[in-house]
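**Student:** Below you'll find the structure I mean.
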Amino acid sequence: MKYFSQKTINFLRELPKNNNKEWFNSNKEVYKKEVEIPFKKFISDLIIELQASIPELSVEAKECIFRIYRDTRFSKDKTPYKNHISAMISKGGRKDKTTPGAYIQISGEDIRLYSGCFELTPKQREQIRKAIFKNSDAFDEIIKNQKFVETFGKVSGEKYKKIPPPYLGHAEAQPLLLNKSFYFYKKYAPELILSSDLIKKIINDYKQAIPLNTFLRMALK
């Protein structure tokens, strides 16, 4: 199924250059018809397809989609709108950035599929660190899997500057022991949203994330 049109890409390319209320309001009908409504349908269908891969996924699209309006109360940047549309498909929707799921972001520059664990508590970080430490061979096999590397490259995330015992001496061999978060992503050309195979492509790539997401999910239990 084809969800978007060239008008979707055009709107998202023009938004960064015209990030103001006057322009947005004058193009609100285009936003509704070409961006907001098809994006909700796309996310609804993607949730259905991901239910086989993400345990206990029963959220609706409205629980996953982020508002395009920026919260500028505590920001020096007062531009009112985000330059992209996005959704977090996980057990708890957009409020749940800890449970491994699929984060989708579409802008005029690219499409991005993120996965992994983003905003972890200190306790959760330690749970994952222990799991990596105790199951280092299995973890290495997952992150060095050829299909995972071809799809997502490497696992990223902010790191601690120091590491506590008993992990001293092991971080050189496994740098991810220093991580505060564990995420990975793939970028696509924006024109992919014009393809009728959009969901199929994302699902096929997400399947390469399942072994690592399963490892992370088990560590957090």
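**Student:** Could you please let me know if Ile111 is more than 30 Å from Phe24 (Cβ to Cβ) and touching a helix residue (DSSP H, G or I) at 6+ places or on another chain (Cβ under 7 Å)?
**Tutor:** no
**Student:** Can you pull out the residues in the range 81-100 that are touching a Lys or Arg at 6+ places or on another chain (Cβ under 7 Å) and part of a loop (DSSP other than H, G, I, E, B)?
**Tutor:** Lys82, Thr99, Pro100
**Student:** Take the conditions under 30 Å from Asn20 (Cα atoms) and touching a strand residue (DSSP E or B) at 6+ places or on another chain (Cβ under 8 Å) and apply them to Ile111. Does it pass?
**Tutor:** Judged against the criteria, Ile111 is a match.
**Student:** Just give me the residues in the range 176-198 being free of Cβ contacts under 8 Å to residues at least 60 places away in the same chain and of a type in the set (D, E, K, R), in sequence order.
**Tutor:** Matches in the range 176-198: Asp197 only.
**Student:** Quick one: what pairs do we get from the range 154-175, first residue at positive phi, second assigned to a strand (DSSP E or B), C-beta under 6 Å, 6+ apart or different chains?
**Tutor:** The qualifying pairs are Gly157/Asn179; Gly157/Phe182; Gly157/Tyr183.
**Student:** Checking Ile142 against (1) farther than 22 Å from Met88 by Cβ; (2) without any contact (Cβ under 8 Å) to a residue 24 or more places away in the chain: exactly one of these is not met. Which one?
**Tutor:** With respect to (1) farther than 22 Å from Met88 by Cβ; (2) without any contact (Cβ under 8 Å) to a residue 24 or more places away in the chain, Ile142 is out only on (2).
**Student:** Would you list the helices (runs of 4 or more DSSP H) that sit entirely within the range 112-221 and hold 3 or more residues that are surrounded by fewer than 17 Cβ atoms within 10 Å (Cβ to Cβ) and more than 21 Å from the chain's Cα centre (by Cα)? Break it down into steps so the answer makes sense when it comes.
**Tutor:** On the way: elements: 122-134, 136-143, 146-152, 198-206, 210-219.
In the range 112-221, the matching helices (runs of 4 or more DSSP H) lie at 122-134, 136-143.
**Student:** Would the range 70-78 turn up any residue that is of a type in the set (Gly, Ala, Ser), over 29 Å from Phe215 (Cβ atoms), in a loop (DSSP other than H, G, I, E, B) and at pLDDT below 95?
**Tutor:** yes
**Student:** Ok, one more. State whether the residues of the range 102-109 include one that is surrounded by fewer than 16 Cβ atoms within 10 Å (Cβ to Cβ) and closer than 22 Å to Lys201 by Cβ.
**Tutor:** Yes, the range 102-109 has at least one match.
**Student:** Still on this structure, I have one more. Looking at the range 149-175 only, could you name the residues that are among the small types (Gly, Ala, Ser) and closer than 17 Å to Ala131 by Cβ?
**Tutor:** Gly157, Ala171, Ala173
For every residue, the table says whether it meets (1) in a loop (DSSP other than H, G, I, E, B); (2) in contact with a helix residue (DSSP H, G or I) (Cβ under 7 Å, 6 or more places away or on another chain); (3) closer than 22 Å to Ser195 by Cα.
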residue: Lys17; (1), (2), (3): no, no, no
residue: Trp23; (1), (2), (3): no, no, no
residue: Lys32; (1), (2), (3): no, no, yes
residue: Phe39; (1), (2), (3): no, no, yes
residue: Asp45; (1), (2), (3): no, yes, yes
residue: Glu49; (1), (2), (3): no, yes, yes
residue: Ile54; (1), (2), (3): yes, no, no
residue: Ser58; (1), (2), (3): yes, no, no
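**Student:** Related question: Can you tell me which residue in the range 30-80 is surrounded by the fewest Cβ atoms within 10 Å (Cβ to Cβ), limited to those that are within 20 Å of the chain's Cα centre (by Cα) and among the β-branched types (Val, Ile, Thr)?
**Tutor:** Filtering first and then ranking leaves Ile48.
**Student:** Do we have Arg13 as modelled with pLDDT of 95 or more, surrounded by fewer than 18 Cβ atoms within 10 Å (Cβ to Cβ) and not in a helix (DSSP H, G or I) here?
**Tutor:** Working: modelled with pLDDT of 95 or more: yes; surrounded by fewer than 18 Cβ atoms within 10 Å (Cβ to Cβ): yes; not in a helix (DSSP H, G or I): no.
Here the answer is no, as Arg13 does not meet what is asked.
The values are calculated or read from the model by the stated rules, or taken from the named source; none is laboratory data. These numbers come from a predicted model, not from an experiment. For neighbour counting, all protein chains shown are included, and Cβ atoms are generated from backbone atoms with ideal geometry for every residue, glycine included.
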